[in-house]
Amino acid sequence: MNLTFHWFLPTSGDSRHVVGGGHGVRTGAAGGDRPPTVGYLSQIARAAEDLGFTGALTPTGAWCEDAWLTTAMVSQRTERLKFLVAFRPDGVSPTLAAQMASTYQRHTGGRLLVNVVTGGESREQRAYGDFLDKDGRYERTDEFLHIVRGLWAGERVTRTGKHLRVEEAELTRLPDPAPPVYFGGSSPLALRVAARHVDVYLTWGEPPAAVAGKIARVRELAEVHGRRVRFGIRLHVITRDTAEQAWAEARRLLDGFAPETVRAVQEGLARSESEGQRRMLALHGGGTDGLEIHPNLWAGIGLVRGGAGTALVGSHEEVADRIEEYHALGIEEFVLSGYPHLEEAYWFGEGVLPRLAARGLWSHPVARGAGGQPALEVPFVAAAR
């Protein structure tokens with residue numbers, strides 16, 4: 001099994017400190033340290049590409065730049081990197097969405113991955129003109145994916161659902177290949193949608209026992225539909241030559257969290273309708289003590305940031321161990337990030353990936369032949385940093 005690693009494009013801005021935002025919380029002012037220009041984001045993307053990451057996740061919401069427009073521009077400055085772009089059922093018709101994805105595939109040489117974002121916060125959804133409640137949003141996502149999948153398969157689709165209706169919809173040019181569908185959500189409705197439609201189910205970085213429970217449930221639901229779902233995990237990462245150096249960096253980030261900022265962010269996140277966000281909050285309880293919730297799994301990021309709030313922290317060897325531990329549960333794809341994203345891509349790419357390659361768990365994408373098997377040897381040398 002060759003593990004897949006994706007990096008992150010910080011389209012709300014980057015910094016040497018944690019840039020907050022998401023799930024109803026405004027982006028922190030630190031985002032202005034490195035504005036999310038196409039030039040800077042392209043620099044991160046090219047670094048990720050060279051280091052061996054397969055793709056890059058781009059967030060969505062009022063607090064960041066538009067994912068589709070931004071990645072379309074960045075794609076023209078890269079050669080191989082794929083883009084995990086938000087696919088939102090709330091803002092565009094399923095036929096147009098399917099067409100956009102098909103166009104993106106042709107103009108990038110098949111480098112689109114779609115991340116279905118149902119929308120977890122009613123307040124933000126209403127700002128975009130979407131007034132469905134949470135259950136209604138998941139019902140719409142289910143209908144949306146039924147239609148989009150049919151169109152990508154070359155079908156002429158007529159469907160009348162509770163929320164969406166199309167008549168004789170079809171694409172004149174099909175995507176080649178059809179983009180893989182990624183999806184995250186922890187509520188019972190979300191898990192059922194995942195089981196019916198998605199290729200990769202993503203979970204935020206919870207302790208292994210909790211992740212194992214999610215994997216088992218999605219597998220069980222998918223088997224009812226005769227489907228197999230792959231699994232991925234979304235984490236931040238702080239990896240250094242020694243554990244002491246990594247934890248010193250975690251403490252530096254924590255020292256930069258003003259108590260009033262933590263209180264304000266936690267009050268905002270407590271109003272979230274997202275089950276995944278509730279689970280993230282439960283990991284740290286809003287306090288700064290006991291943040292290592294599993295060996296090398298640190299919940300400190302979630303004190304000031306919505307969404308993914310945990311980080312792998314440790315030496316390169318320890319981080320590789322934790323990745324192998326998650327892999328043993330069934331995780332095949334890792335979506336990672338770190339502050340700042342340019343430098344942290346190198347720490348992980350030069351420190352952890354060679355160790356995983358030595359264990360036979362990973363190889364550089366340009367070295368893979370047919371079926372994903374290594375076609376040639378690519379030397380890796382861990383930089384002394």
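I need a count of the residues in region 327-353 that are hydroxyl-bearing (Ser, Thr, Tyr), surrounded by 18 or more Cβ atoms within 10 Å (Cβ to Cβ) and more than 21 Å from Arg230 (Cα to Cα).
First, the residues of region 327-353 that are hydroxyl-bearing (Ser, Thr, Tyr): 337, 339, 346.
Filter once more, keeping what is surrounded by 18 or more Cβ atoms within 10 Å (Cβ to Cβ): 337, 339.
Applying the additional criterion that residues be more than 21 Å from Arg230 (Cα to Cα) yields 339.
Of the residues in region 327-353, 1 are hydroxyl-bearing (Ser, Thr, Tyr), surrounded by 18 or more Cβ atoms within 10 Å (Cβ to Cβ) and more than 21 Å from Arg230 (Cα to Cα).
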(request) Taking the options Ala282, Ala320, Ala328, name whichever one is part of a helix (DSSP H, G or I), among the small types (Gly, Ala, Ser) and closer than 14 Å to Ala246 by Cα. (result) Ala320
(request) Could you grab the pairs with beta carbons closer than 6 Å, sequence gap of 6+ or different chains, first residue in region 306-326 and among the acidic types (Asp, Glu), second one surrounded by fewer than 24 Cβ atoms within 10 Å (Cβ to Cβ) and part of a loop (DSSP other than H, G, I, E, B)? (result) Glu318/Asn296
(request) Within region 156-166, identify whether any single residue is part of a helix (DSSP H, G or I), open to solvent by 10 Å² or more (accessible area, probe 1.4 Å), in contact with a Lys or Arg (Cβ under 7 Å, 6 or more places away or on another chain) and not small (Gly, Ala, Ser), and answer yes or no. (result) no
(request) Only residues that are closer than 15 Å to Phe5 by Cα, of a type in the set (A, V, I, L, M) and modelled with pLDDT under 95: list them for region 338-373, please. (result) Val366, Ala367
(message) Looking only at residues that are assigned to a strand (DSSP E or B) and either among the aliphatic types (A, V, I, L, M) or in contact with a Lys or Arg (Cβ under 6 Å, 6 or more places away or on another chain) (or both) in region 285-300, which one is surrounded by the most Cβ atoms within 10 Å (Cβ to Cβ)?
(response) Leu297
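Residues are listed down the side, and each one gets a yes or a no for (1) open to solvent by less than 10 Å² (accessible area, probe 1.4 Å); (2) under 18 Å from Leu329 (Cα atoms); (3) outside any helix (DSSP H, G or I); (4) among the polar types (S, T, N, Q):
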position: Phe183; (1), (2), (3), (4): yes, no, yes, no
position: Arg192; (1), (2), (3), (4): no, no, no, no
position: Tyr201; (1), (2), (3), (4): yes, yes, yes, no
position: Leu221; (1), (2), (3), (4): no, yes, no, no
position: Val237; (1), (2), (3), (4): yes, no, yes, no
(message) Tally up the residues in region 242-279 that are outside any helix (DSSP H, G or I), under 18 Å from Trp298 (Cβ atoms) and either modelled with pLDDT of 95 or more or open to solvent by 70 Å² or more (accessible area, probe 1.4 Å) (or both), please.
(response) 1
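The values are calculated or read from the model by the stated rules, or taken from the named source; none is laboratory data. Everything quoted here is computed from the prediction, not taken from an experiment. Positions of Cβ are generated from backbone atoms using ideal geometry, with glycine treated the same way; all protein chains shown enter the neighbour counts. These area figures cover heavy atoms from the full protein model, side chains too; ligands, DNA and RNA do not enter into them. Shrake-Rupley method; radii C 1.70, N 1.55, O 1.52, S 1.80 Å.
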